[in-house]
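Enquirer: The structure's right below; bear with me while I get my questions together.
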Amino acid sequence: MTEPPPLKNDCFALPPGVDWTPVDDALALLRDRLGPVTAIETVPLADAAGRVLAADAVALRANPPQANTAVDGYGFAGAMPEGAHQLPLIAGRAAAGVPFAGVVPPGHALRVLTGAALPEGVDTVILQEDVAAGPDAIAFHGPLKKGANTRRAGEDVMAGATALVAGRTLTPADLALLAAVGLDAVQVRRRLRVAVLSTGDEVVEPGQAAGPGQIYDANRPMLLAMLARWGFDPVDMGRVPDDRDTLRARLDAAAGADAILTSGGASAGDEDHVSALLTEAGAMQEWRIAVKPGRPLALGLWGGKPVFGLPGNPVAAMVCTLVFARPALGLLAGQGWRAPQGFDLPAAFEKRKKPGRREYLRARIREGRAEVFASEGSGRISGLSWAEGLVELPDGAVHVRPGDPVRFLPWGSFGL
Ligand code: AMP
Ligand code: MG
């Protein structure tokens, strides 16, 4: 296995003088500074779904490997002009996997079945439904173009061509393509291990008795499930109270993973120990990103591993994970940079927004229009379930009126 180099200690440093970082600048910084950290291994095709391709997959064989017929019918040479035609049939047939060994003379036809290699003397096929066939001859009407109902060798993929590029997360369809072009194993990256831990004296485990002032840990199950959806290896590091020594020890343990997601304790308050520890470690930047919901997001290195210190509010934690952590983790995993592909829809709502920060609203599509959740409250977890994606409002001031186009990013565009 080849091990990529470790990340540089200052990889999250912001340029001097930067205060409120626009979302796009923050993303550009992440994109510049992060790269694959996972080793490369070879796996059989059967185990490759969901894995990240580490090198371009080059076709060993063309698809289709040879010219063949796309239908059941009769093969002959050349185009047939408009009008009635009759061709004598020669004995024998060509079937998939059972080629016709002889030559079809000009002006003659041969019975051919779907997938059969075109024998010498055949470049055009007529569909059997379009033919009156007798024992010795076929009759049909033109016109028919040369090459009709056939597939050219390599018309899909040529031998030696790149079938799939490095960085791709392999889909079931990709396995079909790789198999077709003759590959039975591929080079992939080891799955990215991502540790998740929650912080906060008030946070208790679902199922435990919760006293007044206590809340159930909502972030951890959400974050672990998102990571699994993305094909990463989630590592559950549990909960830690607002205690610096406990958190330090837990971060040390979490640094066995490739990256760490924490939630809570990321701002600059007395009990914000994630940011305090990352600062103490000397490799911390509290990114004041001009985004709602979201701030603060603490980014740093712990034991050489990137830490995404997410806000505690579940809505902000999810939005920050989708917008910032996902593309960053994708880079670490060798996927390259993946921006969500959204589309514009007419708004079903009205909203005035001040300039200076980008906003993400929980949204869904009904009757072709983007509806937004009734409350923008960052603790309204039910809105995340209600939503089917996010509406992204630009950094500048906007006054959205019903019917105005807004950018909708479905959960699917974030890989959920
Ligand atoms: P913090 O970022 O630690 O100041 O937390 C912000 C808010 O999010 C507080 O109301 C916390 O109680 C809440 N919170 C923090 N962690 C979690 C969690 N794991 N699940 C649900 N809510 C949380
Ligand atoms: Mg807290």
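The values are calculated or read from the model by the stated rules, or taken from the named source; none is laboratory data. Owing to the predicted nature of the structure, the values given are computational and were not obtained by experimental measurement. Glycine gets a Cβ as well: all are built from the backbone with ideal geometry, and neighbour counts include every protein chain shown.
Enquirer: In the set Glu392, Glu350, which member is within 15 Å of Ser413 (Cβ to Cβ), away from ligand 2 (no atom under 16 Å from the Cβ) and of a type outside the set (S, T, N, Q)?
Expert: Glu392
Enquirer: Count, please, the residues in region 357-402 that happen to be small (Gly, Ala, Ser) and within 13 Å of Lys292 (Cβ to Cβ).
Expert: Result for region 357-402: 2.
Enquirer: Among the listed residues Leu7, Leu30, identify the single one that is modelled with pLDDT under 95 and in contact with a Phe, Trp or Tyr (Cβ under 8 Å, 6 or more places away or on another chain).
Expert: After applying the criteria, what remains is Leu30.
Enquirer: Mind checking which residues of region 37-76 are β-branched (Val, Ile, Thr), within 18 Å of the chain's Cα centre (by Cα) and in a strand (DSSP E or B)?
Expert: Residue satisfying the conditions is Val52 alone.
Enquirer: Take the residues in region 216-228 that are within 16 Å of ligand 2 (Cβ to nearest atom) and hydrophobic (A, V, I, L, M, F, W, C), then tell me which one is surrounded by the fewest Cβ atoms within 10 Å (Cβ to Cβ).
Expert: Step by step, filter region 216-228, then rank; the result is Ala218.
Enquirer: Could I ask something else about it? Counting only residues that are among the acidic types (Asp, Glu) and within 16 Å of ligand 2 (Cβ to nearest atom), which one in region 272-298 is surrounded by the fewest Cβ atoms within 10 Å (Cβ to Cβ)?
Expert: By that ranking, first place goes to Asp272.
Enquirer: Somewhere in region 377-384, is a residue hydrophobic (A, V, I, L, M, F, W, C) and under 23 Å from the mean Cα position of the chain (by Cα)?
Expert: Yes, because at least one residue in region 377-384 is hydrophobic (A, V, I, L, M, F, W, C) and under 23 Å from the mean Cα position of the chain (by Cα).
Enquirer: Further, regarding this structure: Within the bounds of region 255-262, is there any residue that is at pLDDT 95 or above, more than 13 Å from ligand 2 (Cβ to nearest atom) and under 20 Å from Leu384 (Cβ atoms)?
Expert: Within region 255-262 (the criterion being at pLDDT 95 or above, more than 13 Å from ligand 2 (Cβ to nearest atom) and under 20 Å from Leu384 (Cβ atoms)), the answer is yes, since at least one residue qualifies.
Enquirer: Among the strands (runs of 3 or more DSSP E) contained in region 120-199, which hold 2 or more residues that are surrounded by fewer than 15 Cβ atoms within 10 Å (Cβ to Cβ) and not hydroxyl-bearing (Ser, Thr, Tyr)?
Expert: Counting at least 2 such residues, we get 137-144.
Enquirer: Of all residues in region 385-410, how many are closer than 19 Å to Met226 by Cβ and in contact (Cβ under 8 Å) with a residue 24 or more places away in the chain?
Expert: 8
Enquirer: If I ask for residues that are in a strand (DSSP E or B) and modelled with pLDDT under 95, which ones from region 397-416 would you list?
Expert: Result: Val398, single match.
Enquirer: Moving to a separate point now. When you go through Gly269, Gly238, Gly213, Gly231 one by one, which is the residue that is exposed (fewer than 15 other Cβ atoms within 10 Å of the Cβ) and more than 10 Å from ligand 1 (Cβ to nearest atom)?
Expert: Answer to the selection: Gly238.
Enquirer: While we're looking at this one, here's another question. Being in contact with a Gly (Cβ under 6 Å, 6 or more places away or on another chain) and modelled with pLDDT of 95 or more: is that true of Gly182 here?
Expert: Spelling it out, it is not the case that Gly182 is in contact with a Gly (Cβ under 6 Å, 6 or more places away or on another chain) and modelled with pLDDT of 95 or more.
Enquirer: So which of Ser382, Ser375 ends up being free of Cβ contacts under 8 Å to residues at least 24 places away in the same chain and out of contact with any Gly (no Cβ under 9 Å at 6 or more places or on another chain)?
Expert: Every option except Ser382 fails the conditions.
Enquirer: Moving to a separate point now. Might you check whether a residue that is over 30 Å from Leu53 (Cβ atoms), surrounded by 20 or more Cβ atoms within 10 Å (Cβ to Cβ) and more than 16 Å from ligand 2 (Cβ to nearest atom) occurs anywhere in region 328-346?
Expert: no
Enquirer: For Glu286, which of the numbered conditions (1) farther than 23 Å from Val235 by Cβ; (2) in contact with a strand residue (DSSP E or B) (Cβ under 6 Å, 6 or more places away or on another chain); (3) outside the structural domain of Gly389 (by TED's automatic domain parsing); (4) modelled with pLDDT of 95 or more fails to hold?
Expert: Checking Glu286 against (1) farther than 23 Å from Val235 by Cβ; (2) in contact with a strand residue (DSSP E or B) (Cβ under 6 Å, 6 or more places away or on another chain); (3) outside the structural domain of Gly389 (by TED's automatic domain parsing); (4) modelled with pLDDT of 95 or more, the one that fails is (4).
Enquirer: What is the one condition in (1) at pLDDT 95 or above; (2) surrounded by 16 or more Cβ atoms within 10 Å (Cβ to Cβ); (3) part of a loop (DSSP other than H, G, I, E, B) that Gly107 does not satisfy?
Expert: (2)
Enquirer: Output yes when any residue across region 189-210 is in contact with a helix residue (DSSP H, G or I) (Cβ under 8 Å, 6 or more places away or on another chain), more than 16 Å from ligand 2 (Cβ to nearest atom) and free of Cβ contacts under 8 Å to residues at least 60 places away in the same chain, and no when none is.
Expert: For region 189-210, residues in contact with a helix residue (DSSP H, G or I) (Cβ under 8 Å, 6 or more places away or on another chain), more than 16 Å from ligand 2 (Cβ to nearest atom) and free of Cβ contacts under 8 Å to residues at least 60 places away in the same chain: present.
Enquirer: Take Leu261 and tell me if it is assigned by TED's automatic domain parsing to the domain that holds Leu29 and part of a helix (DSSP H, G or I).
Expert: no
Enquirer: Another question, then. For region 80-95, does any single residue satisfy the condition of being hydrophobic (A, V, I, L, M, F, W, C), outside any strand (DSSP E or B) and either more than 46 Å from the chain's Cα centre (by Cα) or exposed (fewer than 14 other Cβ atoms within 10 Å of the Cβ) (or both)?
Expert: no
Enquirer: Oh, and also: Mind checking whether some residue in region 328-339 is in the same structural domain as Gly309 (by TED's automatic domain parsing), within 25 Å of the chain's Cα centre (by Cα), of a type in the set (Gly, Ala, Ser) and within 16 Å of ligand 1 (Cβ to nearest atom)?
Expert: Looking for residues that are in the same structural domain as Gly309 (by TED's automatic domain parsing), within 25 Å of the chain's Cα centre (by Cα), of a type in the set (Gly, Ala, Ser) and within 16 Å of ligand 1 (Cβ to nearest atom), one finds none in region 328-339, hence no.
Table: residues versus (1) out of contact with any Lys or Arg (no Cβ under 7 Å at 6 or more places or on another chain); (2) in a strand (DSSP E or B); (3) free of Cβ contacts under 8 Å to residues at least 60 places away in the same chain.
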site: Ala257; (1), (2), (3): no, no, no
site: Ala266; (1), (2), (3): yes, no, yes
site: Asp270; (1), (2), (3): yes, no, yes
site: Val274; (1), (2), (3): yes, no, no
site: Leu278; (1), (2), (3): yes, no, yes
site: Arg295; (1), (2), (3): no, no, yes
